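The values are calculated or read from the model by the stated rules, or taken from the named source; none is laboratory data. Nothing here was measured: the structure is a model prediction, and the numbers come from that model. Cβ coordinates were reconstructed from backbone atoms using ideal geometry, including for glycine residues, and neighbour counts include every protein chain displayed.
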Amino acid sequence: MRFAVVSFPGSNCDDDCVRVVREVLGESAHKVWHGDDDLGAPDVVLLPGGFSYGDYLRCGAIAAGSPIMGAVRRFAAAGGPILGICNGFQILTEAGLLPGALHRNAGLSFICRDQHVRVASDASPFTAGLSDRVLRLPIAHHDGNYHADAETLRRLEGEGQVVLRYCDAAGDSHDAANPNGSVGHIAGVRNAAGNVVGMMPHPERCAEPLLGNEDGRTLFEAVLRQGSV
């Protein structure tokens, strides 16, 4: 499969994503610059983490208006699988491709640590076959506090659009296991069609034995399985 990794000024996880695709999964990956208007006919699009445009204005707000986002929107409308990781999640919400918004962490501090999450829905290309799995994934963000109004939250919960929840090692979600105050302990969501997914944790940072944890690899392998069906 061909993966396109979109790079914005300030992206710092794009090369990590490329490495995972090429060196761990053995698939094809190419980077696409934010100023381009063509994704290069990929099968999967990744929007990586970082600090696009220095996180000025709001995290992801300027990147959402980049020329490449027109191609990303067209890819999404055609049903192509898209994964936004951390800053990529923020960009997707700012672009209107995912519901809700990411606010400052409840503790108003940058958080960088491993965090358990539970797969709340397998109805997405990146969580297919992983329902109720508890994963240990790194988080590194200052603005990861997911928020949605009450009606949107009801729709997300009712239609299974929450794909990841913060939890403890046993898979239980509670305030002590919620690192940033996200409503409903939400760590990741999908769009109504199911092909666009955003998550705050970084699966690309724990996808090979060298890093001491391969839980993140399962999310990338899930989309490969979907492509081979």
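Points worth noting:
- Scanning segment 94-140 for residues that are hydroxyl-bearing (Ser, Thr, Tyr) and within 15 Å of the chain's Cα centre (by Cα) returns SER121, SER124, THR127.
Residues are listed down the side, and each one gets a yes or a no for (1) more than 20 Å from VAL45 (Cβ to Cβ); (2) part of a loop (DSSP other than H, G, I, E, B); (3) at pLDDT 95 or above:
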{"position": "PRO138", "(1), (2), (3)": "yes, no, yes"}
{"position": "THR152", "(1), (2), (3)": "yes, no, yes"}
{"position": "ALA169", "(1), (2), (3)": "yes, yes, yes"}
{"position": "GLY184", "(1), (2), (3)": "yes, no, yes"}
{"position": "VAL189", "(1), (2), (3)": "no, no, yes"}
{"position": "GLY194", "(1), (2), (3)": "no, yes, yes"}
{"position": "VAL197", "(1), (2), (3)": "no, no, yes"}
{"position": "PHE220", "(1), (2), (3)": "no, no, yes"}
{"position": "VAL223", "(1), (2), (3)": "no, no, yes"}
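- Here ALA123, ALA169, ALA176 are screened, and the one residue that is without any contact (Cβ under 8 Å) to a residue 24 or more places away in the chain, surrounded by fewer than 18 Cβ atoms within 10 Å (Cβ to Cβ) and over 16 Å from MET200 (Cα atoms) is ALA176.
- Verdict on LEU57 being outside any helix (DSSP H, G or I) and closer than 27 Å to LEU156 by Cβ: yes
- Residue satisfying all of: in segment 199-218; in a loop (DSSP other than H, G, I, E, B) and in contact with a Phe, Trp or Tyr (Cβ under 8 Å, 6 or more places away or on another chain); surrounded by the most Cβ atoms within 10 Å (Cβ to Cβ) among these: MET200
- Search result, residues across segment 68-108 that are free of Cβ contacts under 8 Å to residues at least 12 places away in the same chain and either among the β-branched types (Val, Ile, Thr) or touching a Gly at 6+ places or on another chain (Cβ under 9 Å) (or both): ARG74
- Among residues that are at pLDDT 95 or above and within 15 Å of the chain's Cα centre (by Cα), VAL24 is not included.
- Looking only at residues in segment 76-94 that are surrounded by fewer than 22 Cβ atoms within 10 Å (Cβ to Cβ) and in contact with a strand residue (DSSP E or B) (Cβ under 9 Å, 6 or more places away or on another chain), the one that is nearest to ARG133 (Cα to Cα) is GLY80.
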